[in-house]
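Accompanying notes for the structure given below.
The values are calculated or read from the model by the stated rules, or taken from the named source; none is laboratory data. Because the structure is predicted, anything quoted here is derived from the model rather than measured. In this analysis, Cβ positions are derived from the backbone assuming ideal geometry, glycine residues included, and neighbour counts consider all displayed protein chains. In case anyone asks, the SASA skips ligands and DNA or RNA and just uses the protein heavy atoms, side chains included. Shrake-Rupley method; radii C 1.70, N 1.55, O 1.52, S 1.80 Å.
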Amino acid sequence: MTVSFEMEGDVGVVTMDDGKANAASAVTIDELAAVLDRAVQDSGAVVLSGRPGIFSAGFDMKTMKGDDAAARKEMITKGARMAHRLFTFPKPLVIAATGHAFALGTVWLLCADTRIGESGDYKFGLNETAIGEILPAFGYEPALMRLNRDEIMPALVQAKIYDPQGALAAGYLDQLVASGEAKNAAISFASELAKLPGEAYLGNKMAIRGAAAERMAAAIGTVS
């Protein structure tokens, strides 16, 4: 995955684009972490965006289904740490969901402060049950906080997949815009968030997320 960074006023814009599905391997998660380090230093708020047509399809499936258990555990642990980092991000964090989001990509979506998606033929969902996996705490804790109560069973247990309107109603997204407009809309919204007092913003965010964040942190490294 190629991860780029640019400043738009006070907003740091981080864009993931591997030309394909924005799959998250251990190496690409490290790349994203390094770019986020810079974004925290330089920005009043941060936008995390996918490539046109997709935000992220989740973990790299070659590693997930491969025979190297150590590599799989390393990748999952890094993905979990990234979820925790996004959930507790010290600056306002807006995700531009530029298309599909599945599995870890959907978890990262749930961890942001505000999620802006695009209308179109896109799908969102936590498909772990469908692929024979059990959703770990770094996935279900933000889902329990962000999804609407009536959608928790369909989304987390029954592997329901949503279109953009359904994702908005379920709580995966906060806003829908026209195709191709998520990134610009996210930058505009993040620009307003950047004007808020940063210490108060983070303090209030952690006041409502702190307990869930502690449970996420405690479970990191326990999934193989």
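Screening 142, 90 for residues that are farther than 22 Å from residue 27 by Cβ, surrounded by fewer than 24 Cβ atoms within 10 Å (Cβ to Cβ) and in contact with a Leu (Cβ under 6 Å, 6 or more places away or on another chain) leaves exactly one candidate, 90. Within the range 101-114, the set of residues being in contact (Cβ under 8 Å) with a residue 60 or more places away in the chain and either over 15 Å from residue 50 (Cα atoms) or open to solvent by 10 Å² or more (accessible area, probe 1.4 Å) (or both) comprises 113, 114. Just one of the numbered conditions (1) under 21 Å from residue 127 (Cβ atoms); (2) part of a strand (DSSP E or B) is not true of residue 20: (2).
Residues in the range 117-175 that are of a type in the set (D, E, K, R) and modelled with pLDDT under 95: 128, 133.
So that you can scan it fast, the table gives a plain yes or no per residue for (1) touching a residue at least 40 places away in the same chain (Cβ under 8 Å); (2) hydrophobic (A, V, I, L, M, F, W, C); (3) closer than 27 Å to residue 145 by Cα:
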site: 7; (1), (2), (3): no, yes, no
site: 16; (1), (2), (3): yes, yes, yes
site: 38; (1), (2), (3): no, no, no
site: 46; (1), (2), (3): yes, yes, yes
site: 49; (1), (2), (3): yes, no, yes
site: 69; (1), (2), (3): yes, yes, no
site: 77; (1), (2), (3): yes, no, yes
site: 80; (1), (2), (3): yes, yes, yes
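Would you be able to tell me the number of residues in the range 171-211 that are assigned to a loop (DSSP other than H, G, I, E, B) and either of a type in the set (A, V, I, L, M, F, W, C) or open to solvent by 40 Å² or more (accessible area, probe 1.4 Å) (or both)? Summing the residues that are assigned to a loop (DSSP other than H, G, I, E, B) and either of a type in the set (A, V, I, L, M, F, W, C) or open to solvent by 40 Å² or more (accessible area, probe 1.4 Å) (or both) in the range 171-211 gives 10.
Being in contact with a Phe, Trp or Tyr (Cβ under 8 Å, 6 or more places away or on another chain), more than 23 Å from residue 131 (Cα to Cα) and not in a helix (DSSP H, G or I) is a property that holds for residue 14. In this structure, does residue 55 turn out to be surrounded by 23 or more Cβ atoms within 10 Å (Cβ to Cβ), of a type in the set (A, V, I, L, M, F, W, C) and touching a residue at least 12 places away in the same chain (Cβ under 8 Å)? It is true that residue 55 is surrounded by 23 or more Cβ atoms within 10 Å (Cβ to Cβ), of a type in the set (A, V, I, L, M, F, W, C) and touching a residue at least 12 places away in the same chain (Cβ under 8 Å).
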